[in-house]
Amino acid sequence: MIDAENKLKALQDKYSLTGQSLEHYLEGLLLSNYLSYWDYVHLDTLLSLQNPRTDFPDEKIFIVYHQITELYFNLCLHELDQIANNGVDIQENGHVKGNFKELSLEFFKERLKRLNRYFDALIYSFEIMIEGMQKEQFTKFRMALLPASGFQSAQYRKIEMASTDLVNLVHKDKRDQLFAYISKKEVFDLIYWKEGAIDADTHKKTFTLKQFEKKYADDFEQFAQEYDGKNLWQKYLELKRTGGVDDELIELLKSYDHKVNVAWPMAHMRSAARYLEKKSGKSEKATGGTNWKKYLPPRFQMRIFYPELYSESELKNWGKN
Ligand code: HEM
């Protein structure tokens, strides 16, 4: 009873702080329904979001697995946001609880471990794409999806921008154009995927890229600006300046780098090889129109978030095994 009285007192304090009445809230509590699992996770809405464009049953697997991936990407952005902003303020009774003003090594490492787990789950589960659909069905239903491509995943691009400085995302053939006086906007324009999505036949920007830029260009520029000083690499440097880093943090960063830029792209590449490679040795055109055999392999892309953390031979052999 004493416990209940204490809780009532605490509630009274909470509401009076904002000039509200506890009695009204108690009345609402008496009248309100119990929360159910299905309402909490919005199950009906969730299961109403799969809308295949054809009657091939395997198209459902393709849609659902993309959605699962996007949800994991969202969790990644959630962790990246917390590292960038030194944690979140947890509010209780109108007061900020927790002291997250400075990024601590422990907090950074815990969040990095989460990021690595999410990517492990994605890498491991990619088998669902590689082996889990009938090729005969895939080659048919994909034609109903033109010109859409996973290339247009905005969250994937944001994960990259929140993980490293923009210069590390510049296309490898354009890195010699990086001079000290080049503006942030100019660096942004040299990002690898803008260069990579050139139509294999026409050598012009693919329609898929044009549409992607039309929808997200402003959002991306704003996001890139926001993370300029607080992406993972900048946060690492910030801790390093105060002597707050250790070997485990470095290993976690390298492992994250490898998962995002080698292991996941390799798993993804295997799915492209399974479905788009023809027996004749020729290959199907990708829905996004890139020369995918040259564009996708990590050893050609040479995307590395933290080049400063590797030896010369590690850099030379990036993506080769
Ligand atoms: C059978 C399954 C898949 C195939 C055959 C496939 C094929 C391709 C191809 C050919 C590209 C190059 C762009 C283009 O020209 O279209 C691409 C890019 C991409 N796809 Fe997939 N994909 C598959 C599954 C997925 C899944 C499940 C995701 C998860 C969201 C995804 C995300 C991406 C991303 C992020 C890119 C851009 C990669 C980069 O720019 O380096 N793909 N995909």
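The values are calculated or read from the model by the stated rules, or taken from the named source; none is laboratory data. This is a predicted model, so every value here is computed, not measured. Positions of Cβ are generated from backbone atoms using ideal geometry, with glycine treated the same way; all protein chains shown enter the neighbour counts. Remember, those area values only see protein heavy atoms, side chains included, never the ligands or the DNA or RNA. Shrake-Rupley method; radii C 1.70, N 1.55, O 1.52, S 1.80 Å.
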Semi-axes a, b, c in Å (a largest) for segment 120-162, each sqrt of 5 times a Cα gyration tensor eigenvalue, come to 24, 18, 4
Along segment 131-143, Karplus-curve 3J(HN,Hα) (6.51, -1.76, 1.60; θ = phi - 60°) to the nearest Hz, with x for Gly and Pro, reads 9, x, 10, 6, 4, 4, 6, 4, 4, 8, 5, 4, 5
Percent of all Cα-Cα pairs per 20 Å bin for the chain, counting from 0 up to the last occupied bin, reads 25, 50, 21, 4
Checked against a 30 Å limit on the C-alpha separation, the offending pairs among 240/316; 14/235; 215/316; 204/230; 214/240; 60/109 are 14/235; 215/316; 204/230; 214/240; 60/109
Whole-Å distance linking the alpha carbon centroid of segment 108-127 with that of segment 260-321 is 19
For segment 61-204 (alpha-carbon point model, no solvent) the Debye-based log₁₀ I(q)/I(0) at q = 0.09, 0.19, 0.20 Å⁻¹ works out to -0.44, -1.23, -1.27
Extend 7 Å from the Cα of residue 145 along its Cα-to-C-beta direction; within segment 230-265, residues with backbone N under 19 Å of that point are 264-265
Between the modelled labels at residue 309 and residue 179 (7 Å from Cα along Cα→Cβ) the distance in nm is 3.2
Taking Lys and Arg as +1 and Asp and Glu as -1, residues besides residue 223 with C-beta under 12 Å from its C-beta add up to -4
For residue 7, the lysines lying under 28 Å Cα to Cα, once residues fewer than eight places off in the same chain are dropped, come out as 97
Taking Cα pairs closer than 8 Å and at least 6 residues apart, the relative contact order of the chain in percent is 22
If R0 = 51 Å, then residue 136 and residue 20, at their Cβ-Cβ distance, give a FRET efficiency to the nearest 0.05 of 0.25
Regression test value, accessible area per residue of the chain, probe 1.4 Å, units Å², expected 60
Heads up, segment 15-82 by the C-alpha gyration tensor (a ≥ b ≥ c square roots of eigenvalues; a/c under 1.5 rounded, else a/b over b/c prolate, else oblate) looks oblate
